[in-house]
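Colleague: Below are the structure tokens for one structure; questions will follow.
The values are calculated or read from the model by the stated rules, or taken from the named source; none is laboratory data. Predicted model only: the values in this text are computed from it and were never measured. Note that each Cβ is placed from the backbone with ideal geometry, even for glycine, and that neighbours are counted across all protein chains shown. To get the accessible areas, we keep the full protein, side chains included, count just its heavy atoms, and leave off ligands, DNA and RNA. Shrake-Rupley method; radii C 1.70, N 1.55, O 1.52, S 1.80 Å.
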Amino acid sequence: MIRVLFVCLGNICRSPMAEAVLRHKAALRGLQGAIATDSAGTGNWHIGKPPHEGTLGQLKLHGISSEGLIARQMQAQDFEQFDYIVCMDDSNEQNLRRLQGGKDAEILKLMDLLPDEPLREVPDPYFTGNFEETYRLIDLGCEVLLDKIVSEKL
Ligand code: 4NP
């Protein structure tokens, strides 16, 4: 089982959307038993909460299940339990590297998988209100991420 953890700041907008999108794409390729998805926030404000209604709206619009999405905070032990840790912006990456200490884990930024996309971070829709843009970037990024996982690990 390949384990993928998406990380953002609050774990209610971007990373739970990415968790649901990758889970959906994996199932479309018959890989639901091969890839496990999860998400976490570096912050602790929303622990135990469901995703933001903007994220739920985009998932519903695109026919993607939001089942089981509950916010939690990133833990140091997550670095040992996931094959891929994929974050949304530079600030997430800095927070992760601080938390990582000496632990050996590959940290990716989702937009590094889309080198031709002018935006280099997934903008935070909690502040921009633009959940359509978030979905567009996450959809594109997760397609490339899935190709990468299949070619590297499956
Ligand atoms: P997310 O968005 O990191 O994409 O989940 C945010 C959600 C909540 C907060 C910040 C960002 N907040 O400050 O509460």
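Colleague: Can you name the residue in region 12-30 that is of a type in the set (Gly, Ala, Ser) and either in contact (Cβ under 8 Å) with a residue 40 or more places away in the chain or within 11 Å of the ligand (Cβ to nearest atom) (or both) and, of all such residues, is nearest to Tyr135 (Cα to Cα)?
Modeller: Here the residue is Ala18.
Colleague: Next question, about the same structure. Filter region 3-31 for residues that are open to solvent by 20 Å² or more (accessible area, probe 1.4 Å) and closer than 19 Å to Leu154 by Cβ and give the result.
Modeller: Arg3, Arg23, His24, Lys25, Ala27, Leu28, Arg29, Gly30, Leu31
Colleague: Among (1) open to solvent by less than 80 Å² (accessible area, probe 1.4 Å); (2) touching a Lys or Arg at 6+ places or on another chain (Cβ under 9 Å); (3) not in a loop (DSSP other than H, G, I, E, B); (4) not aliphatic (A, V, I, L, M), there is one condition Glu80 misses while meeting the rest; what is its number?
Modeller: (1) is the only condition that Glu80 fails.
Colleague: Can you tell me which residue is farthest from the ligand (Cβ to nearest atom) among those in region 33-64 that are among the polar types (S, T, N, Q) and in a loop (DSSP other than H, G, I, E, B)?
Modeller: Taking the candidates together, the pick is Asn44.
Colleague: Please find, among Leu59, Leu99, Leu69, the residue that is touching a residue at least 24 places away in the same chain (Cβ under 8 Å) and surrounded by fewer than 18 Cβ atoms within 10 Å (Cβ to Cβ).
Modeller: Leu99
Colleague: With respect to Arg23, determine if the residue is at negative phi and touching a helix residue (DSSP H, G or I) at 6+ places or on another chain (Cβ under 8 Å).
Modeller: no
Colleague: Residue by residue through region 90-128, note down the ones that are part of a loop (DSSP other than H, G, I, E, B), touching a helix residue (DSSP H, G or I) at 6+ places or on another chain (Cβ under 8 Å) and of a type outside the set (Gly, Ala, Ser).
Modeller: Lys103, Asp104, Leu114, Glu117, Leu119, Arg120, Glu121, Val122, Pro123, Asp124
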